[in-house]
Amino acid sequence: MQVPRAEKIVGSVLLAASLLTIIALILIIETLVYESLFFFSRVSIFEFLFGVEWTVLFLDKKFGVVPLLAGTFLTSSIAILLASTIGLGSAVYLSEYASPRVRSVVKPLLEILAGIPTVVYGYFAIYTITPLLKSSVFPDISFYNALSAGIAMGVMIIPTVASLSEDSLYAVPETLKHAAYSLGAKKIQVVFRVVIPAALSGIVASFILGLARAVGETMIVAIAAGFRPVLTLNPLEAIQTMTAFIAQVSTGEAPHGTVEYQSIFAVGLYLFTLVMLLNLIGNYVVRRWGVRVS
Amino acid sequence: MTSKIEEIDTYYNIGYVITTLDLSVKYGGRYAIKDININIPRNSITAIIGPSGSGKTTFLRCLNRMNDLISKAKVEGRVLFNGKNIYDPDVDPYQIRARIGMVFQKPNPFPKSIFENVAFGLRINGVKNREEIERRVKHALTQAALWDEVKDRLNHNAYELSGGQQQRLCIARALAVEPEVLLMDEPAASLDPIATARIEELMIRLKERYTIIIVTHNMQQAARVADYTAVMMPDEDGVGKLVEFGTTREIFTNPKSKKTEDYVRGRIG
């Protein structure tokens, strides 16, 4: 049978569109690797990965990425801690306890959180969360600090965690719940011993994808966490994350071709690898542990 | 109305484990089943047969209060279990379900190990002693004629079992909590003939210790396993009614009602 011309054209346009995304990905990786190679011709990989001082913008330059990694780790941990507890809590509530009416109101509201521009979260962190923390529990907290940025990021990724977890909780078949009830289980036992374990792969995946978003998030930490690349795990101090460093340098702090300019590609490559690993783990968890309930 | 004591005298002592009195269920405003009166004798197999839409499953789910889980369902009338109405306000439905077990149409093991599937009912009912759990899991699997097939892989996932094995696992899971009554909702509907035959053999063996009520579409199955048979049919408004109840022999050879006769001869449904 002959394929009509119009369909052939549509087909190739669509093919081109999907190829373009792949090409974009390849180009990004290519750029990251290419510029990083220059960087690593001047700085040893060992110093980069394990050095504990990052003074790229000073005269005495040290290229140890650990302080930036620690900054990212700190803010992301705070974010995922907050988002996993609140996100999973709301997911369990929405899927198992809320009446259909409440569900139909709360779920869209929760998803609005995901639509708020991250720059708003950044200022929310500085002008609302930090003063609140300062006046209530931490009078010594810095103006820029990891805690507020982490909390704001946590709020930002709650919808990711809640929505994905809720999907997998909701997908647990009624027949499994009925089996548990028929053995004399109470609601709370059904939820905690049947529904959550059966949905665990989706829940863990939602945590990992939420974490990946936190690790890659830039605007909130650039605004609220500071530009202070020191190695600390104290969340009340100003720090700098990998993403915030890239943002700082790429907005004009370093001339093209200098080692500090090239360092952002090395940091970017590292970050890219981390986020990609997290996504791969997330996908693996879904496939490997996925609920095999027909 | 008879007093509680009289009810016990009337039904319990003469060997009925479950008695329903004018049992009706409404979904929304509409009756799904209406005015079902039946006495289920102890240590027997009672089959409930009838065409689709006659309310067999709805009826079955009244007997262990599973209809409570459907918010639109409203149950009227009484279900006496050992003489006590299980819909009385002082009755704990969770306890009722532990004493009246259920096996479902499709095997529905939990995504857990074979052992944990059977141990589940024990754990949620507060059994903590490990040896006791192991002993009762073994006992239940033996009763369900599954022990020899799974004893070397108790920690494997239940989904590795075949459909027929999964269904026997679900029976073992229900037996582990030592119920008095086992409700089975078309337990062989999704199984092949060999697996079905095994479930049927198992049921006949289990009736020494349990009372079994089975819903089935399959009239041959009812004829093979059941001591008593209840025939349900929808009336002209689509409301499920009990048309006839008697020994399986009577129902299949000498039915009193024309409707039953037509149905068991294959002329309806």
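The values are calculated or read from the model by the stated rules, or taken from the named source; none is laboratory data. All of these numbers come straight from a predicted model, not from anything done at the bench. Don't worry about glycine lacking a Cβ; one is built from the backbone with ideal geometry, like all the others, and counts go over all protein chains shown. The accessibility values were calculated without ligands, DNA or RNA, using every heavy atom of the protein model including side chains. Shrake-Rupley method; radii C 1.70, N 1.55, O 1.52, S 1.80 Å.
Numbers at a glance
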| read-out | value |
| --- | --- |
| Burial ranking of peptide ranges A:121-130, A:219-228 (average Cβ count within 10 Å, highest at the top) | A:219-228, A:121-130 |
| Beta bridge orientation in the stretch B:2-265: antiparallel %, DSSP, nearest 5 | 60 percent |
| Total charge dipole magnitude, the protein assembly as shown, about the Cα centre, Cβ charges on Lys, Arg, Asp, Glu only, Debye to nearest 20 | 1020 debye |
| Shielding score for B:169-178, defined as the mean number of other chain Cβ atoms within 10 Å | 1 |
| Isotropically averaged projected area of the stretch A:172-287, using the convex hull of Cα atoms (one quarter of hull area), nm² | 10.3 nm² |
| Lysines whose Cα lies under 29 Å from that of B:Lys256, excluding same-chain neighbours fewer than 8 positions away | B:Lys26, B:Lys34, B:Lys56, B:Lys207, B:Lys241 |
| Neighbouring partner chain Cβ atoms per residue of B:102-112, average, 10 Å criterion | 5 |
| Dipole magnitude of the stretch A:64-293, debye to nearest 20 (Cβ charges: Lys/Arg +1, Asp/Glu -1, about Cα centre) | 880 debye |
| Straight-distance crosslink candidates among lysines, where the alpha carbon sits under 20 Å from B:Lys112 and sequence neighbours closer than 8 are dropped | A:Lys177, A:Lys186, A:Lys187, B:Lys128, B:Lys138, B:Lys151 |
| Buried area at the B-A interface (accessible, heavy atoms, 1.4 Å probe, summed, Å²) | 1900 Å² |
| Surface per residue (accessible, 1.4 Å probe) for the stretch B:2-265, Å² | 43 Å² |
| Protection proxy ranking, peptides A:16-22, B:143-149, average beta carbon neighbours within 10 Å, highest first | B:143-149, A:16-22 |
| Hypothetical label at B:Tyr27: residues of the stretch B:88-117 whose amide nitrogen lies under 19 Å (7 Å Cα-Cβ projection) | B:104-106 |
| Of all accessible heavy-atom area on the stretch A:168-215, the percent that carbon and sulfur account for (1.4 Å) | 70 percent |
| In Hz, Karplus ³J(HN,Hα) per residue of the stretch B:197-214 (6.51, -1.76, 1.60; θ = phi - 60°; x = Gly, Pro) | 4, 5, 5, 5, 4, 4, 4, 5, 5, 6, 5, 4, 10, 10, 9, 10, 10, 10 |
| Per-residue ³J(HN,Hα) for the stretch B:229-246, Karplus 6.51 cos²θ - 1.76 cosθ + 1.60, θ = phi - 60°, Hz, x for Gly and Pro | 9, 10, 10, 10, 9, x, 7, 5, 8, x, 8, x, 10, 7, 8, 7, 9, x |
| Value of [θ]222 nm, deg cm²/dmol, for the protein assembly as shown, DSSP H segments ≥ 4, -39500 (n - 2.57) each, nearest 500 | -16500 deg cm²/dmol |
| Accessible-area composition of the stretch A:22-129, carbon plus sulfur, in percent [1.4 Å probe] | 76 percent |
| Integer Hz, Karplus 6.51/-1.76/1.60 couplings in order for the stretch A:19-31, x for Gly and Pro | 4, 4, 5, 5, 4, 4, 4, 4, 4, 4, 4, 4, 4 |
| Euclidean distance between Cα centres, the stretch A:93-128 to the stretch B:188-264, Å | 53 Å |
| Two-site FRET efficiency, A:Asn283 against A:Lys187, from Cβ-Cβ distance with R₀ of 22 Å, rounded to 0.05 | 0.10 |
| Virtual spin-label span in nm between A:Val13 and A:Val120, 7 Å along Cα→Cβ | 3.5 nm |
| Cα-only radius of gyration and Dmax that characterise the protein assembly as shown, units Å | 32.4, 105 |
| Calculated FRET efficiency for the pair B:His156/B:Gln95, C-beta based, R₀ 35 Å, to 0.05 | 0.65 |
| Whole-number D in µm² s⁻¹ for the stretch A:64-293, Kirkwood Cα-pair radius fed into Stokes-Einstein, 10 °C, 1.306 mPa s | 84 µm²/s |
| Surface share of carbon and sulfur [accessible, 1.4 angstrom probe, percent] for chain B | 48 percent |
| Extension gain, A:Ser99 back to A:Ala24 (0.36 nm per residue minus Cα-Cα distance, nm) | 22.5 nm |
| 24 Å tail of the calculated P(r), the stretch B:2-265, as % of Cα pairs | 49 percent |
| Counting all C-alpha pairs of the stretch B:124-269, share separated by more than 26 Å (%) | 36 percent |
| FRET E, pair B:Arg123, B:Leu69, Förster distance 25 Å, beta-carbon r, rounded to 0.05 | 0.75 |
| Highest to lowest packing among B:61-74, A:176-189, scored as the average C-beta count within 10 Å | A:176-189, B:61-74 |
| Probe 1.4 Å, protein heavy atoms only - accessible area per residue of the stretch A:64-293 in square angstrom | 43 Å² |
| Peptide-level mean, for B:57-70, of C-beta atoms on other protein chains within 10 Å | 1 |
| Relative contact order of chain A, defined on C-alpha pairs under 8 angstrom at six or more residues apart (%) | 26 percent |
| Qualifying trypsin sites (Lys or Arg not before Pro) in the stretch A:224-294, DSSP loop, other Cβ atoms within 10 Å at most 14 | A:Arg292 |
